Each structure stands twice: as structure tokens, then as C-alpha cells.
1. For the stretch 105-253, what is the charge dipole size about the Cα centre, in debye to the nearest 20, if Lys and Arg each add +1 at the Cβ and Asp and Glu each add -1 at the Cβ?
2. Let me check I've understood the local charge: for Arg244, count other residues with C-beta under 13 angstrom from its C-beta, Lys and Arg +1, Asp and Glu -1. What total comes out?
3. If each residue of separation counts as 0.36 nm, what is the full-extension length gain between Trp23 and Ser151 once their alpha-carbon separation is subtracted?
4. Relative contact order for the stretch 97-188 using alpha-carbon pairs under 8 Å, separation at least 6, rounded to a whole percent?
5. Based on Cβ point charges of +1 for Lys and Arg and -1 for Asp and Glu, what charge dipole magnitude is obtained for the stretch 42-81 about its Cα centre, in debye rounded to the nearest 20?
6. Report the charge-dipole magnitude of the chain in Debye, nearest 20, computed about the Cα centre from +1 at each Lys and Arg Cβ and -1 at each Asp and Glu Cβ.
7. At most 15 other Cβ atoms within 10 Å and a DSSP loop assignment: could you name the trypsin sites (Lys or Arg not before Pro) in the stretch 118-168 that fit?
8. Whole-Hz ³J(HN,Hα) for each residue in the stretch 227-241, computed from phi via Karplus 6.51 cos²θ - 1.76 cosθ + 1.60 with θ = phi - 60°, x for glycine and proline: what do you get?
Amino acid sequence: MNAARNSVERNPVAIDISGLNKWYGSFHVLRNIDLTVRRGERIVVCGPSGSGKSTMIRCINRLEEHQQGRIAVDGIELTSDLKNIDNVRREVGMVFQHFNLFPHLTILENCMLAPVWVRKMPRSQAEEVAMHFLTRVKIPDQARKYPGQLSGGQQQRVAIARSLCMNPKIMLFDEPTSALDPEMIKEVLDTMIQLAEDGMTMVCVTHEMGFAQAVANRVIFMDQGQIVEQNEPAAFFSAPRSERTKLFLGQVL
Ligand code: ADP
Ligand code: MG
């Protein structure tokens, strides 16, 4: 993994954020964010609750609108242009803390839904794609069950498979393991590690520092709407520069 980690510097830019500012009403939630993510990079974003991590990654696929600055995904700038928003969302998959599976659809149907309705994929092909990714997250045998019949860890792996069925170039994760019981965290992290090994461009909000150490090219620390510090994991953990980072690491490590 280390060789791969260092070889991304010349890759094309996947996500380009510059001078990003966002307000919720009068509350200044994101302050002058600059962030460039190259293809194949794996970024871990950490920081205290309320620091703007979710807001930042939700801006990347326009689940939140920004007011100032520039966000471009694969060269497509996010503006109010609906065509651009649509094109960006086609490239970006997102996995949330709560899996948001449709409870009345089977696992297989959950995975087939977007390929069939958004991509207009024939059902037989969508089923093949869905089974491929359910196999990849190691739960093909659950395909005919309903979400409520699966454990939290299995449901989250379905959510990952469902995203992958849309063939995203970039995956965003927002605390994908924080709603899970401890014994299920590892199986989800293992799935994410495999995705990283396959070369997926990933931005992951997580406090799983073992995961960060294992796969991240870069760890970003946010506080009060700003990127306070970023570094490759070894340096980030062994020699944090700011007091706020040190304080935070003292709480999570
Ligand atoms: P994090 O993911 O780091 O915990 P968030 O991005 O969720 O932080 O939130 C950052 C800040 O913005 C918090 O103070 C939160 O209360 C506030 N916030 C989040 N969403 C909204 C919203 N839709 N309207 C108003 N304030 C919000
Ligand atoms: Mg959050």
C-alpha cells in the first residue's frame, strides 16, 4: 500500500475545492476551505462534532449548497446548473452513518433500483451488477432478504454495494461505522480497505484512526469550519502541529 500511497501526486485532480465558504443562515459553517484530491487518493477527515465535516463532504455532491468559492469534481464545476449537478452525482457515491436502505425492498432490489431507474439498465443486467457487488462485499447470500433481517454491519455493506452498482469514480463516506456495534465495525472497515486497495478515490469522515493509518494518503483535521491541519498519517499521528489537533487526538486515540 505504501508504494501506491505515494504514486498519486501526478494523478489527475478528482476533487478541487478552493476558497469554499458556507453559511447556514448567519452561522458561518465552512471557512475558506481549500482541498485538492487526486484520483486514487484516500482522504480521512476527522475533527470534533460540529466542526463541519459532514457539511463539507455533502457540498461535494451538492447535498448542500455553498455560497462562496469553487468546487469542481472531475473538472465539472458545481454551480446552480442542474446538468452539472446531475453529472457530478453520477460520478460520486455516498455512504452515510444510517444506511438509508428501502425497508420494503429486498437487498437485491435496493441495489438494482438506481441502475434500472436512473441508468435505464435492463433488469437482468442490473441484477448481474448487483450480485457482483454483493459478492464483493461478501453477502451474496443475503440478496433475497429485507434490510430488517440483516445486521447493521451487513446493511452498511449493502449500502456500499448499492453505491458501487452506479459505478462511481469517487466514494464519500460520512461516519459509516459510527452507528454500528463494535463487533460489526471491522467488517465494514474491511470492505472499505478493499475498496481502497482497488484504487477507489475516497473521502471518508471517520474517527477510526486505525483505518486512517492503514489506508489514508492524507488525514485532514477540521475544527470550527476550517481545515486546521493535514498531513500523511504517520506524521499526523506522531507529530500533530496544532494544539487543537493534539487535544482531539488525545480524545480519540
Ligand atoms: P460535523 O459533521 O463535523 O459534526 P456538521 O457539518 O454536521 O458537523 O455541522 C456543522 C455545524 O453546522 C454544526 O454546528 C451544526 O449544528 C450546524 N448545522 C448542520 N446542518 C445544519 C443545518 N441544516 N442548518 C443549520 N445548521 C446546521
Ligand atoms: Mg457529521
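1. The dipole magnitude comes to about 440 debye.
2. -1
3. 42.4 nm
4. About 39 percent, as a whole number.
5. So the dipole magnitude of the stretch 42-81 works out to roughly 240 debye.
6. The calculation lands at about 320 debye.
7. The qualifying sites are Arg119, Lys120, Lys138, Arg144, Lys145.
8. The phi angles translate into 7, 7, 7, 8, 6, 5, x, 4, 6, 4, 7, 8, 9, x, 8 Hz.
Laboratory data are not the source of any read-out in this text; all were calculated from the coordinates shown. All values reported here derive from a predicted model rather than from experimental measurement. As a convention, Cβ positions derive from the backbone with ideal geometry for all residues, glycine included, and neighbour counts pool all protein chains shown.
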